[in-house]
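This report refers to the structure that appears directly beneath it.
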Amino acid sequence: MKKTIFIILGLFSPCFVFSQGPIASPIIGGNVIKVNLSASILTQHYLVQYERALNLNHSIGLGIGISSGVDLPFKNSLLDQFGDNIDARRAIETTKFDKLTITPEYRFYLNKKGAPIGFYLATFVRYTKFSFTGDYVFTPSNDTLHTAKVKGNLNGVGGGAMLGVQWAIGKVITIDWWMVGPFIGVQNGEFNGASDMSDMSDADKVKLESDIEAVDIPFWKIDATVSNDAVNAKISGPFVGVRMFGVCLGVRF
């Protein structure tokens, strides 16, 4: 596992080389375990990161974050925008998701204090997995209300770069501020909704497929299939994001 992390970090970090010779002996206080306070409070995404200084300028880290049974991000804004549509409101209110992120990271510290303290440039790889549940309500031409219990998964891998600074508070406590860190990657996933749709006409099924595929997500591909007992949608496309204004509280040892 450790060897794999080093290989990944090396691929994404051209400056991550060992031309300086063997890694120095462990730095006193060069290990930090951190909790991301801002993500926990704002998005209910609980993230822990371990960072290890390799020498005065270089460190590596691994972050793992989880969310469970969380509402859609910006739920209230979505309700303000689509709340007049009863079906859309129900879908927004019933949707819950779980999230897992795994983030290997390499840092190059820019100051003379030495890692893991001071300003740094970081490169990172991020794996993300989302799991969704919710209700999708629709009414075909026969005016029969259908509610499909939808379950779905999204998996994504991407990479990016970040600027940040880590302060030492005494000899033990650190504050790590992720100033800005854009990243880009690709995602793919599948959604399945179970419902008895045997009363729907072929035309209604084709229309439902078209409605799902017409959801406008730039550069994404959506392929929907409707049968007598299920709705299936496969999706894939790029994603972009930003790690920013993250505040982590750490303990050095």
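Connecting C-alpha atoms closer than 10 Å in a GNM of the chain, tell me which of PRO104, PRO218, PRO238 has the biggest fluctuation.
PRO218
Taking θ as phi - 60°, what are the ³J(HN,Hα) couplings along region 232-249 by the Karplus curve (6.51, -1.76, 1.60), each to the nearest whole Hz, with x for Gly and Pro?
Karplus values, whole Hz, x for Gly and Pro: 10, 9, 9, 10, 7, x, x, 9, 10, x, 9, 8, 7, 6, x, 10, 10, 9.
Take the residue pairs LYS34/LYS96; LYS34/LYS221; LYS99/LYS221; LYS149/LYS207 and return only those whose Cα atoms are more than 31 Å apart.
LYS34/LYS221
Per residue, how much accessible area does the chain show when a 1.4 Å probe rolls over the protein heavy atoms, in square angstrom?
56
Once Lys and Arg get +1 and Asp and Glu get -1 on their Cβ, which of ASN228, LEU145, VAL70 lies farthest toward the positive end of the dipole of the chain?
Checked the options; the winner is VAL70.
For region 33-120, would you read off the P(r) tail past 21 Å as a percentage of all alpha carbon pairs?
The proportion of pairs with Cα distances above 21 Å equals 51 percent.
What residue among PHE239, PHE191, PHE219 has the largest mean-square fluctuation in a Gaussian network model of the chain, using Cα springs under 10 Å?
PHE219
Can you give the net charge of the other residues whose Cβ lies under 14 Å from the Cβ of ASN76, counting K and R as +1 and D and E as -1?
-1
Taking all protein chains in place and a 1.4 Å probe, what share, in percent, of the accessible surface of the chain do carbon and sulfur account for?
Its accessible area is 65 percent carbon and sulfur atoms.
Within the chain, which is the longest segment containing none of the trypsin sites (Lys or Arg not before Pro) that sit in a DSSP loop and have at most 12 other Cβ atoms within 10 Å?
The answer is 1-111.
Magnitude of the Cβ-charge dipole of the chain, K/R +1 and D/E -1, about the Cα centre, nearest 20 debye?
2060
Any chance you could tell me what percent of the C-alpha pair distances in the chain go past 27 Å?
Cα-Cα pairs in the chain separated by more than 27 Å: 48 percent.
Kirkwood Rh, region 64-195, all Cα pairs: how many Å?
The Cα-based Kirkwood calculation yields 18.0 Å.
Work out from phi, with θ = phi - 60° and the Karplus expression 6.51 cos²θ - 1.76 cosθ + 1.60, the ³J(HN,Hα) of each residue of region 61-68, listed in order in whole Hz, and give x for Gly and Pro.
Going residue by residue, I get x, 9, x, 10, x, 9, 10, 9 Hz, with x marking Gly and Pro.
Output the 0 to 90 degree angle, nearest 10, between the alpha-carbon long axis of helix 2-12 and the longest principal axis computed from the alpha carbons of the chain.
In the chain, helix 2-12 runs at an angle near 80 degrees to the longest axis.
The values are calculated or read from the model by the stated rules, or taken from the named source; none is laboratory data. Just so it is clear, the model here is predicted, and its values are computed rather than measured. Reconstructed Cβ throughout: ideal geometry from the backbone, glycine too, with neighbour counts over all protein chains shown. Surface areas here come from the heavy atoms of the whole protein model, side chains and all, with no ligands, DNA or RNA. Shrake-Rupley method; radii C 1.70, N 1.55, O 1.52, S 1.80 Å.
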